[in-house]
Amino acid sequence: DTGVSQNPRHKITKRGQNVTFRCDPISEHNRLYWYRQTLGQGPEFLTYFQNEAQLEKSRLLSDRFSAERPKGSFSTLEIQRTEQGDSAMYLCASSKGPGTEAFFGQGTRLTVV
Amino acid sequence: QKEVEQDPGPLSVPEGAIVSLNCTYSNSAFQYFMWYRQYSRKGPELLMYTYSSGNKEDGRFTAQVDKSSKYISLFIRDSQPSDSATYLCAMNRDDKIIFGKGTRLHILP
């Protein structure tokens, strides 16, 4: 296992369409995070999981966003009815547990046209 | 006041110089501190992780934490053009990780 894997790397979609991103964490990492990053900004927290339990959601995560982590392994982030403001890099990270090093994937770059 | 403050730069220094990058934070509950390096259009790469006040060294990198002042630093010795990137400070308690905006660093050959 070489690290956190995110797919797809790039996604271009039309406004109003739904998109889903996948994150495969490092094996045996119990904690998984989702972040969003726009140009010139640091990553902004969206949500995180401890195993399959979603422990916290940011106010940034509107009703159009949903994240799941079935069986505590991979995770998906779905955006419904995409808007141009959703264009960003979506980053996933994983760690062994609370207070441990978190490692990021290469991100999924979303462009909404 | 934002929880984590970081000067966005850009910071330009000549090759071989010592680079100093800094962040301040407001939440005294933060216990764990990290520095990430991010190249353009790539994911952040973990450089340093510390959980106590003091210094931690790894090769050309030294991370410094001063919890009493709520101030953390990253020093890069013998800077190289390949160090040109955005450097993100990050910190957490036992839950989410909070990031600074990142400092863009340019090492001039």
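The values are calculated or read from the model by the stated rules, or taken from the named source; none is laboratory data. Keep in mind that what you see is a predicted model, and the values were worked out from it rather than measured. Positions of Cβ are backbone-derived with ideal geometry, glycine not excepted, and every protein chain shown enters the neighbour counts. With ligands, DNA and RNA removed, areas are computed over all heavy atoms of the protein, side chains included. Shrake-Rupley method; radii C 1.70, N 1.55, O 1.52, S 1.80 Å.
Points worth noting:
Here's the yes/no breakdown for (1) more than 13 Å from the chain's Cα centre (by Cα); (2) part of a strand (DSSP E or B):
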| site | (1), (2) |
| --- | --- |
| B:W35 | no, yes |
| B:M48 | no, yes |
| B:S52 | yes, no |
| B:S69 | yes, no |
| B:S79 | yes, no |
| B:Y87 | no, yes |
| B:D94 | yes, no |
| B:K101 | no, no |
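- Qualifying residue in segment A:62-75 (condition: free of Cβ contacts under 8 Å to residues at least 24 places away in the same chain, hydroxyl-bearing (S, T, Y) and either more than 17 Å from A:T38 (Cβ to Cβ) or at the interface with chain B (Cβ under 10 Å from one of its Cβ atoms) (or both)): yes
- Selection from segment B:24-48 of residues that are at the interface with chain A (Cβ under 10 Å from one of its Cβ atoms) and either of a type in the set (D, E, K, R) or buried (at least 18 other Cβ atoms within 10 Å of the Cβ) (or both): B:Y32, B:M34, B:Y36, B:Q38, B:R41, B:K42, B:G43, B:P44, B:E45, B:M48
- Every residue from segment B:67-84 that is of a type outside the set (A, V, I, L, M) and surrounded by 12 or more Cβ atoms within 10 Å (Cβ to Cβ): B:K67, B:K70, B:Y71, B:S73, B:F75, B:R77, B:D78, B:S79, B:Q80, B:D83, B:S84
- Output for segment B:85-109, where each listed residue is modelled with pLDDT of 95 or more, within 14 Å of another protein chain (Cβ to nearest Cβ) and open to solvent by 70 Å² or more (accessible area, probe 1.4 Å): B:K101, B:R104
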